[in-house]
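The values are calculated or read from the model by the stated rules, or taken from the named source; none is laboratory data. Model, not experiment: these values are computed from the prediction. Virtual Cβ from ideal backbone geometry, glycine too; neighbours counted across all protein chains shown. For the accessible areas, the whole protein counts, side chains as well, though only heavy atoms, and no ligand, DNA or RNA atoms are used. Shrake-Rupley method; radii C 1.70, N 1.55, O 1.52, S 1.80 Å.
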Amino acid sequence: MMKLIGVALLTFAGVAVAGNGKNLDFYNIEEQQLADMFAQHQGGTPGQSIKDFSRLFLDNPYVANRLVGASDTQEKLVVDFGELDCFTYLDYVESLRHSTSVHNFIENVMHTRYVNGEVNYLTRKHFFSDWVHSGNKVSDVTHLVGNYVVTVPKILNLKADGGHYIPGLGVKDRDISYIPSDRVDEDTLSLLEDGDYIGIYTNITGLDVTHTGIFIRGENGPVLRNASSVSTNMKVVDSPFLDYVKNKPGILVYRATDDNSPS
């Protein structure tokens, strides 16, 4: 598996995997297992694909700031199933659901994570809402799910002190809609679907969310499947959904579209 992914990456001119050799390893996910799942999910529903592929990562370690690149550092394509943060976890799951092979998966990671698949720090989709504004096959269904939705005009990337989170990127004027946590009730749960991508809304100036995960209907009730930085977790876990969101400002809900072609 390591060799196969290495060859796949080298076909994309100038793109290298960051870090050492372990980043070329699919951790505890085997090549044949992926091949079988690619075949199984062709023509299937996006939600079921997301639910099944996301399950592969349960218990894989959380590590913060997995991507390599900055305004003064060359961007590198990171593919590492063994160390995930909340955003790279969603990158991999969304890319896997479109894929038919490992080579195809690598290409899909590029298009999921970067505008037009261009591996560059300034074309990276730094904000969760970039997913519905920059070509990803997902739709904002927050208004469809929530009985009560708040829409806030945000100037993304602009800090309260006038600085920028991402130097050189500029700002993005964007309306962000979210369901306040005290309005996330049984009616909301009934309208959420397996595989919905969840963003945890933030009131912080210049940001849209502070965390992301995936809504799953678990055996013991709905959960947020997420790469958790909570000190007692530090891995991909299923967190009881209502317990998780009740003390947060609110949630954004993005839903994958029914299209299995490459992103």
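For the chain, the solvent-accessible area with a 1.4 angstrom probe is 44 square angstrom per residue. Dipole of segment 27-101 computed with +1 at Lys/Arg Cβ and -1 at Asp/Glu Cβ about the Cα centre; of 38, 48, 73, farthest Cα towards the positive end is 48. When the Cα positions of 204, 223, 254 are compared along the charge dipole of segment 192-263, 204 comes out farthest toward the positive end, with charges on each C-beta of Lys, Arg, Asp and Glu. Beta bridges assigned by DSSP with both partners in the chain are antiparallel in approximately 95 percent of cases. Surface composition of the chain: carbon and sulfur atoms hold 49% of the protein heavy-atom accessible area at a 1.4 Å probe. Placing unit charges on the Cβ atoms only, positive for Lys and Arg and negative for Asp and Glu, gives the chain a dipole magnitude near 480 debye about its Cα centre. Each Lys and Arg contributes +1 and each Asp and Glu -1, all at the Cβ; summed about the Cα centre of segment 152-246, the dipole is approximately 480 debye.
If R₀ is 35 angstrom, what is the calculated FRET efficiency for the pair residue 139 and residue 31, using the beta carbon separation as r and rounding to 0.05? Working from the Cβ atoms, E equals 0.65. Across segment 199-263, the mean sequence separation of Cα contacts (distance under 8 Å, 6 or more residues apart), normalised by length, yields a relative contact order of 30 percent. Averaging Cα coordinates gives a centre for segment 144-168 and one for segment 50-97; these two points are 23 Å apart.
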